[in-house]
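Below is one structure, written out as structure tokens; the observations come after it.
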């Protein structure tokens, strides 16, 4: 079982490829697998994988879903607690099998001047959107919305089920090509990124891992791009808790908006300590 992984990540910075990502949402289980019927706490970071800028209040949540054995439940809001700058959600897997926890936020609408929005795209490390962005088209400023969709895989007991690959019907989702429990260090693991159920090609994706112990920082995250089928793969170098995250920002005319951003993340354990 991987021990103290998330705690170590909170104390030791992970230097990602490109600028530091400060507005993403990550959900992770510090320990996996756990015993069926054993209470477990999901840690929610609103910022980066290793550090939360502040807790997520229940009023910001659009959906919280716990999926196991093909059955979906929606944990009571009373289980959602703020602990410092982090949020925690307590759960108890009832049966053996693979489970998925999903957290999705309500869209947040914001406005910036055309020049401010260009700076925002640089800070958020969105060079593709910036390359096609023409400030002259927005003399009255830019109105945009963003939402965050985080998922985490949990193993309860030894039985492996396909829930890890199921959709939670979030706009943007990252799915693994195979069960993470079948992956050994040194092997390659594939994934796909889907927007409203369709592959997203050419999307920038960051892949990283946490530390194995509090003895030093994890290596920098890898920057990948999805292929024409919305897929990518990477080498799993060590037994650890791993994460994948991405941000899809596109022009839109929906609801009087100029741009819409969906951020997605997925965390999972490979190997056991």
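Quick note: the coordinates plus some simple rules give every number you see, no bench work behind them. No experiment lies behind these values; they were computed from the predicted model shown.
Counting pairs of alpha carbon atoms under 8 Å apart in space and at least six apart in sequence, what relative contact order in percent does the chain give?
23 percent
Under a GNM of the chain (C-alpha, springs under 10 Å), which listed residue has the highest mean-square fluctuation: 260, 241, 153?
260
Which residue, 177, 132, 87, has the most motion in a Gaussian network model of the chain that connects Cα atoms within less than 10 Å?
132
Among 257, 168, 189, determine the one that fluctuates most according to a GNM of the chain built with springs between C-alpha atoms less than 10 Å apart.
Among 257, 168, 189, the largest GNM mean-square fluctuation belongs to 257.
What's the center-to-center distance, using Cα atoms, between the stretch 22-68 and the stretch 225-241 in Å?
Measuring centre to centre over Cα atoms gives 22 Å.
Taking the 0 to 90 degree range and rounding to the nearest ten, how far is the long axis of helix 114-123 tilted relative to the main principal axis of the chain, both from C-alpha atoms?
Taking Cα atoms only, the helix is inclined about 30 degrees.
Among rounded, prolate and oblate, which fits the stretch 141-226 when a ≥ b ≥ c are the square roots of the eigenvalues of its C-alpha gyration tensor, a/c under 1.5 means rounded, and a/b larger than b/c means prolate?
oblate
Using a Debye calculation, one point per C-alpha and no hydration shell, please list log10 I(q)/I(0) for the chain at q = 0.11, 0.14, 0.15 Å⁻¹ in order.
Debye intensities relative to I(0), on a log10 scale: -0.59, -0.97, -1.12.
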